[in-house]
Amino acid sequence: MTATDSTRTVIATDVAIIGAGPAGLAAAKRLCDKHSRQVLVLDREARAGGVPRHCAHPGYGIRDMHTFISGPAYAARLVAEAEFAGASILTEATVTAINDDRSLDVTTPNGLLRIAAHSVVLATGARERARPARLIPGDRPAGVYTTGQLQQMVHLQHREVGRRAVIVGAELVSWSAVLTLRHAGCRPVMMTSQYPAPESYGAFNIAGRAFLRVPVATRTRVVRVIGRGSVEGVEIEDLDTGIRRVIDCDTVIFTGDWIPDHELARSAGIELDPATNGPLVDTALRTSQSGVFAAGNTLHPVDTADIAALDGTFVADRVAEYLNGAPFPAQDDGTLRILAAPPFRWAAPGLVRPTDPAPPRHRLLLWTDEFVRFPTVTLAQQGTIVAARRVAWPATPGRVFRVPWSILDRLDVSRGPVTIGIAEASADSGTPGSVPSWRESAERGLSSLALGQITLHPSSYR
């Protein structure tokens, strides 16, 4: 439904989704296809599809579509499926405000809009921190980019880059930058990482070194960018010896070090998690503002596109339940806070209630600042370990660490916030059988849970 007021055209819809990336488009498809809801997706870019639009390499769609295709093909399929299901997608539409009544103020080339929605989904994604945010000293020459800037230049704008590049970071996205540079005719001469081993999966690291022939300098950091008009080199420091050397290059790519695109949520007064910098949500992905949900990488930095899409499918069902009359509880109403202790930087979701559903894919997500090959994850309440779980996969910096949600089954709701960490030694004996599960406690009438105060822990590269 469309109407007008004195300054804005008013459009009514059941659900407004902010962001036409994998999470937003998957949510739109599900809401239209399964729940027969009217959905409007808004995106500030000229084309829908999100980051995969300019990632020309394969590897997309594995978990959600059960295929293996390039980023542009994946983005096109997401858009086509959402539109075929009945979703409306409005591009070049910048949301400037989320109002208390869930209406949105939107700026477009054709004028100002007000979107009157019964529910809103934030799917604004995340971005890499640029050089200024990382406080890297030195000159300010041309030729310094993030991976996203590089890929847009090469694949969307068809512009040239330099001939020799240094890549700062060794995450999954760093190898994506390598492929883009090679496509543009630029040779990556070095990849740097402050960690003892590259943050990416071993298969990527082995293939990258063997076939792409990119040397990875571990335990190093860039301390200076050199060049007046354009980049001439970077100075890197060995973190163990303090020895510095200059690498000749004409291009520098800063990869990873993600931060959620949270400005809109912040301006709306939606509570943010100080650890993730994204909206603080419960397991149903509800934010602190009634009727407003969040999904994908706007919640935490950063997961793969197919996982973000699965988040979108999950949140669509929660939105449909809300539109069908399910309550939207306040975040201080029977809520248990989940905190992270070093080496973990954050845990997501950050809130849970005994009566709420399990989170997407039944996984608790964490981010570590240290490599732990054989981690035993611990849950502590009031300083005492109440549960522990040894997992078979390592906790590795630079990528999400997943723990089965069932680890939370033994929580005692009467003891307040839970802190998640890693045991220094085997913690198999740290799961006392006398502790009732939180669901059992809830059934006994313990409906009032303490809301904890989060403590930020310093990060080595935040």
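The values are calculated or read from the model by the stated rules, or taken from the named source; none is laboratory data. These figures come from a predicted structure and were not determined experimentally. Quick reminder, even Gly has a Cβ in these numbers, built from the backbone with ideal geometry, and neighbours come from all protein chains shown. Note: areas computed on protein heavy atoms with side chains; ligands, DNA, RNA excluded. Shrake-Rupley method; radii C 1.70, N 1.55, O 1.52, S 1.80 Å.
Of the trypsin sites (Lys or Arg not before Pro) in segment 126-172, the ones in a loop by DSSP (not H, G, I, E or B) with at most 13 other beta carbons within 10 Å are R159. The length gained on full extension between R63 and S230, counted as 0.36 nm times the residue separation minus their Cα-Cα distance, comes to 56.0 nm. Excluding ligands, DNA and RNA, the accessible surface per residue across the chain is 42 Å² with a 1.4 Å probe. For M153, what accessible surface area do you get with a 1.4 Å probe? Give it in Å², rounded to 10. Surface accessible to solvent at M153 totals approximately 10 Å².
Segment 1-119 gives an Rg/Rh value of 1.01, both radii derived from C-alpha positions and Rh following Kirkwood. Normalised by the number of residues in segment 153-275, the mean separation of alpha-carbon contacts (under 8 Å, six or more apart) gives a relative contact order of 26 percent. Helix content alone sets the calculated 222 nm mean residue ellipticity of the chain: runs of n ≥ 4 DSSP H residues at -39500 (n - 2.57) each, divided across all residues, give -5000 deg cm²/dmol. Carbon-plus-sulfur accessible fraction, the chain (probe radius 1.4 Å, protein heavy atoms only): 51%. Beta bridges from DSSP with both residues in segment 1-126: antiparallel share about 45 percent, rounded to the nearest 5.
Using the Kirkwood radius over Cα pairs, work out the Stokes-Einstein diffusion coefficient for segment 55-138 at 20 °C and 1.002 mPa s, in µm²/s as a whole number. Roughly 132 µm²/s, to the nearest whole number. Here the chain is assigned +1 on the Cβ of each Lys and Arg and -1 on the Cβ of each Asp and Glu. Its dipole about the Cα centre then comes out at about 1060 debye.
Let me have the relative contact order for segment 208-260, percent, based on Cα pairs under 8 Å that are six or more residues apart. Relative CO of segment 208-260 lands at 24 percent.
Measuring between their Cα centroids, segment 32-79 and segment 287-305 lie 17 Å from each other. Each Cα pair under 8 Å and six or more residues apart adds its separation to the average, and for the chain the resulting relative contact order is 14 percent. Within the chain, DSSP assigns beta bridges of which about 55% are antiparallel (rounded to the nearest 5). Helices in the chain that qualify as membrane-span-like (whole DSSP H runs, Cα extent of at least 20 Å along the helix axis, mean Kyte-Doolittle hydropathy of 0.5 or higher) are 305-323.
Projecting label points 7 angstrom from Cα along Cα→Cβ for S290 and L212 puts them 4.9 nm apart.
Would you compute the Debye intensity of segment 199-319 from its alpha-carbon atoms alone, equal scatterers and no solvent, and pass along log10 I(q)/I(0) at q = 0.10, 0.14, 0.16, 0.23 Å⁻¹ to two decimals? The Debye formula, applied to the Cα set alone, gives -0.54, -0.83, -0.90, -1.24. If you wrap the Cα atoms of the chain in a convex hull and average its projected area over all directions, you get 23.1 nm².
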